[in-house]
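Below is one structure, written out as structure tokens; comments come after it.
Just so it is clear, none of the values below were taken in a lab; they were calculated from the coordinates. Keep in mind that this is a model prediction, so the values were computed, not measured. Here the Cβ positions follow ideal geometry from the backbone for every residue, glycine too, while neighbour counts run over all protein chains shown.
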Amino acid sequence: VQLQASGGGLVQPGGSLRLSCAASGDTLSRYTMGWFRQRPGEEREFVAGIEWSGSRTSYTDSVKGRFTISRDNAKNTVFLRMNSLKPEDTAVYLCAADRAALRIGVLSRDYDYWGQGTQVTVSS
């Protein structure tokens, strides 16, 4: 499966963005999907995950209540809605697919396929 992330940009603190991850080459419903982020010089960090049906989600503590992950399997697309953005949310955001569709992994090594990333910058 090939993944293409989009929707990043420059936003002021308190603002919102919606990231999209479009999949091609396979049916997205076969996979658990995750969003990670990476800041320069830091390890890749789990942000949110959603299992194949969309009935279960998981978030890292720092984004709970602000970010929402969702998926539209008919459109082969996963979304990350980000509200109340903070400067510390600035990073490259990457989407990833895990063939183990029933679990929501929180480690990079849990995921089999990766998109190229989209830059999110939160600054006034």
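Loop-resident GluC sites (Glu not before Pro) (DSSP state other than H, G, I, E or B) in region 26-80 with no more than 10 further Cβ atoms inside 10 Å of their Cβ: 42, 43. Spin-label pair residue 29-residue 60: with each label point 7 Å from Cα along the Cα-Cβ axis, the two points sit 3.1 nm from one another.
Label-to-label distance for residue 121 and residue 99 is 3.8 nm, based on points extended 7 Å past Cα in the beta-carbon direction.
Annotation for region 3-80: trypsin sites (Lys or Arg not before Pro) lying in DSSP loop with at most 13 further Cβ atoms inside 10 Å of their Cβ are 56, 64. Between residue 53 and residue 12, the C-beta separation translates, for a Förster distance of 25 Å, into a calculated FRET efficiency of about 0.10.
What the phi angles of region 78-89 give under the Karplus curve with 6.51, -1.76 and 1.60, with θ = phi - 60°, is a coupling list of 10, 10, 9, 8, 10, 10, 6, 5, 10, x, 6, 7 Hz, glycine and proline written as x.
Computed from point charges on the beta carbon alone (+1 for Lys and Arg, -1 for Asp and Glu), the dipole magnitude for the chain about its Cα centre is near 260 Debye. Going by the alpha-carbon gyration tensor, a ≥ b ≥ c the square roots of its eigenvalues, is region 28-68 rounded (a/c under 1.5) or, if a/c is not under 1.5, prolate (a/b greater than b/c) versus oblate? In terms of gyration-tensor shape, oblate. Here residue 108 and residue 74 are evaluated by their C-beta separation; at R0 = 25 Å the FRET efficiency comes out at 0.35. Ordering 90, 52, 104 by Cα displacement along the dipole of region 1-108 toward the positive end leaves 52 in first place; charges were set at the Cβ atoms of Lys, Arg (+1) and Asp, Glu (-1).
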